[in-house]
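The values are calculated or read from the model by the stated rules, or taken from the named source; none is laboratory data. Since this is a predicted model, take the numbers as computed values, not measurements. Here the Cβ is made from the backbone with ideal geometry for all residues, glycine too, and neighbour counts use every protein chain on show. Just the protein is used for accessible areas: all its heavy atoms, side chains included, with ligands, DNA and RNA removed. Shrake-Rupley method; radii C 1.70, N 1.55, O 1.52, S 1.80 Å.
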Amino acid sequence: MADTAKPKGGGTARSTGGRRRSRKDTAPNIADEQPKTLLDYYRQMLLIRRFEERTAQAYTQARIGGYCHLNLGEEATIVGLMTALQERDYLFTNYREHGYAIGKGISPRSVMAELYGRSTGVSKGWGGSMHMFDTQTRMLGGYGIVGGQLPLATGAALAISYRGGDEVVMCQMGDGTTNIGAFHESLNIAALWNLPIVFVVVNNFTGMGTTVEKSSAEPELYKRGSSYRMEGVRVDGQDVLAVRDAATDLVERARAEQKPFLLEAISYRMKGHSVVDPAKYRTAEQAEEAKANDPVLAFERQLEEAGILTEEIKQEIADSVRDEVTDAADFAENSPHPEVSTLFDYTYATPVPNESRRMPADPVFAE
Amino acid sequence: MSVITYRQALRDTLRAEMHRDENVFLLGEEIGVFEGSYKITEGLLKEFGERRVRDTPIAEEGFVGAAIGAAMLGLRPVVEIMTINFSLIAIDQIINHAAKIYGMFGGQTSVPMVIRTPGGGGQQLGATHSQNIELFYSFIPGLKVLAPSTPAEAASMLRAAIRDDDPVLFLENLGLYNTKGEVPDGDESVAEIGRAAVTREGTDITLIGYSRMAMVAGQVAEKLAAEGISVEVVDLRSLRPLDRDTIVESVRKTGCAVVAEDDWLTYGIGAEIAASIQEGAFDYLDAPVRRVAMAEVPMPYAKPLETAALPSIDSITTAVKETLSAVGRRVG
Ligand SMILES: Cc1ncc(C[n+]2csc(CCOP(=O)(O)OP(=O)(O)O)c2C)c(N)n1
């Protein structure tokens, strides 16, 4: 079920013919879906869940350093969103992106190796948790500066529009990001120039500890596009089918109509802001609520009740997901660290004379 | 005397200054309910309430600018920017506005505010979160830039910053928050802004640092003392104004110098120090001034690369010894 905020004045009538369920007034029903598809979504969600649990474990074992933000609780949103994208579509995200990277098609091995800072990592060990990037799968980056991805994603959409391409850009962000200037500047530019981009706000109600109510004067975030006459849609981020349908609708409309959209997915962050945050500021009820809204368990129950997820299939999926995550961690563990001799390899793409390649103790003028 | 952490010294001082002056208030991201990303403001929301401890949206340009505006009307905001990297979002308000208002309007209104923000590296935070860009602010007339290295300095310099009538960028460091040091009980001392300090006397060589690098310089001096090398340590404390006299006086005595800095070498803070030394102590220099700084790359995440790129006790020690051997003195 999706709420929409139509732009005043400039709204085009939306054609719904031929599109998937997204315009129906009821939530999508699993009875309308292929069991195989549903099981595939379930497996993807479980993979992200187990991957992130393993990530947290590796972090506490000091295998992973830096900041580390997990997608626990956002599995349905991620799988729904990534299902809506075509392979040729581009993705930009914030730093909470391990699941998105996997969802966009990067192998869990390369993602885990990146977390471990190994040269086999998707960003060669240069990026870490916050900076997964892969031109192959068109995951054009996790970004650690809040809002940093928005102008970039807008620019990617500009490049598509400039060349008359038919790709779409999806730009993910958190709720807190809707308060930074880059959000407003980017939405305005995207709307003004009719760019094929879907901005997605994953609303988990909090920045780090600050709530949406305390930080956004318009807390119904999907409405924030209306200043730019941009259509906004809110969807239940715990429902993978609803997210898929809403996102597919907007992605395909962005492609066909060459204009931007704003999608808000209501989601729950199950743990603290990052692995090291005990989330003491959360009340017991809030923690309970997040737990009760566990999207993986909810979907699992739904599929079980529908008789699609039998005990046997469940075990099979659990085993294969466990193996895949173990394999990713083993791969990361056994991969080499980048050589110190590569330290200056990526400062400039075009070599120039007099570039500094000085190590900290080196004199400016070598003898 | 009590032994407290750098973090505690900052927190105690903020709290005392808020009690002392009703115009002092805090704003920044996650400083209230979350109690600060690095817990400097722990408990302060509870004690002072939302009027004086304000959680802001993630909007650095907006809330830093709002603090400037509030300061123009006589309040004394103390802004926390989570790390100095995020100050880049607010740099227009800081440089084009906070630093300009006093001069541009002929001295009619001052901007009595403090921007507290930590630098630091070595925590595998990657390219955008590991920068030490205090230089950008140290470059700007109209701003004052402080960089304390010990808990006692943090307290007396924060007091000075809050009571000063100009915008002060107060540089903290992720690597210093947990360090401990003695602070006199009931200390009310207010540092003089614009003064460096000789924190360890020595005769063979001058080693200059600020913030975390001043601490590391002390460790290098300690280590070299065991080898019979007498290192004089100068803690810059204030990056703008810069106390050139203290630096030059020390180098005139020792005849050689090394600068340890956490930023990049080319055009970095050390470049200004080295230029000042050659101008003020040219006839006294027995060797070129060496600078130990970060390798000039976007900082990689991978631990071995990061470690190699950062100045360390070892790299500073090497530079000190090489400088001494250039002078022709014993190297222990
Ligand atoms: C410009 C900037 N300011 C502050 C930060 C520190 N910071 C990192 S994550 C975060 C909260 C972001 O919240 P939200 O956008 O809701 O995303 P979520 O973490 O919930 O996915 C903050 C303040 C930053 N990385 N960049």
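Descriptive notes on the structure:
- Here B:ARG116 does not qualify as of a type in the set (Lys, Arg), farther than 30 Å from A:GLY66 by Cβ and not assigned by TED's automatic domain parsing to the domain that holds B:ILE269.
- In summary, helices (runs of 4 or more DSSP H) completely within region B:223-332 and bearing 3 or more residues that are within 13 Å of another protein chain (Cβ to nearest Cβ) occur at B:269-280, B:303-309, B:313-327.
- Pair list, Cβ under 8 Å, 6 or more apart: region A:32-53 residue crowded, with 18+ Cβ neighbours inside 10 Å, other residue of a type in the set (Phe, Trp, Tyr): A:TYR41/A:PHE299; A:TYR42/A:PHE299; A:MET45/A:PHE299
Per-residue answers, yes or no, for (1) free of Cβ contacts under 8 Å to residues at least 40 places away in the same chain; (2) assigned to a helix (DSSP H, G or I); (3) in contact with a helix residue (DSSP H, G or I) (Cβ under 9 Å, 6 or more places away or on another chain); (4) within 16 Å of the ligand (Cβ to nearest atom):
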residue: B:ILE4; (1), (2), (3), (4): no, no, yes, no
residue: B:ALA9; (1), (2), (3), (4): no, yes, yes, no
residue: B:LEU14; (1), (2), (3), (4): no, yes, yes, no
residue: B:ASN96; (1), (2), (3), (4): yes, yes, no, no
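- Strands (runs of 3 or more DSSP E) contained in region B:155-201 and holding at least 2 residues more than 14 Å from the chain's Cα centre (by Cα): B:180-183, B:197-200
- Complete set of residues in region B:31-46 that are outside any helix (DSSP H, G or I) and either more than 20 Å from B:LEU176 (Cα to Cα) or open to solvent by 10 Å² or more (accessible area, probe 1.4 Å) (or both): B:GLY32, B:VAL33, B:PHE34, B:GLU35, B:SER37, B:TYR38, B:LYS39, B:GLU42, B:GLY43
- The one condition in (1) more than 10 Å from every other protein chain (Cβ to nearest Cβ); (2) more than 9 Å from the ligand (Cβ to nearest atom); (3) closer than 19 Å to A:SER274 by Cα that B:GLU47 fails to fulfil: (3)
- Whichever residue in region A:336-367 is open to solvent by 70 Å² or more (accessible area, probe 1.4 Å) and closer than 20 Å to B:ALA257 by Cβ and, among such residues, is farthest from the other protein chains (Cβ to nearest Cβ): A:ALA366
- Those residues of region B:156-204 which are among the small types (Gly, Ala, Ser) and under 30 Å from B:ALA287 (Cα atoms), in sequence order: B:GLY194, B:ALA196, B:ALA197, B:GLY202
- For region A:136-248, the helices (runs of 4 or more DSSP H) that sit wholly inside it and include 2 or more residues that are within 16 Å of the ligand (Cβ to nearest atom) and facing chain B (nearest Cβ under 10 Å) are A:181-192, A:212-215.
- Elements of type helices (runs of 4 or more DSSP H) contained in region A:66-119, each with 3 or more residues being open to solvent by 10 Å² or more (accessible area, probe 1.4 Å) and within 17 Å of A:MET45 (Cβ to Cβ): none
- Evaluated against (1) at pLDDT below 95; (2) over 30 Å from A:THR178 (Cβ atoms); (3) touching a helix residue (DSSP H, G or I) at 6+ places or on another chain (Cβ under 9 Å), A:PRO351 falls short on exactly one condition, (3).
Let's see how each residue does on (1) assigned to a helix (DSSP H, G or I); (2) in contact (Cβ under 8 Å) with a residue 60 or more places away in the chain:
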position	(1), (2)
A:SER274	no, yes
A:ASP277	no, yes
A:GLU304	yes, no
A:GLU316	yes, no
A:PRO363	no, no
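- Being more than 14 Å from chain B (Cβ to nearest Cβ), closer than 30 Å to A:LYS36 by Cβ, open to solvent by less than 60 Å² (accessible area, probe 1.4 Å) and of a type in the set (D, E, K, R) holds for only one residue in A:GLU312, A:GLU305, A:GLU300, and it is A:GLU300.
- B:PHE105 vs. criteria within 16 Å of the ligand (Cβ to nearest atom) and over 23 Å from B:LEU236 (Cβ atoms): no
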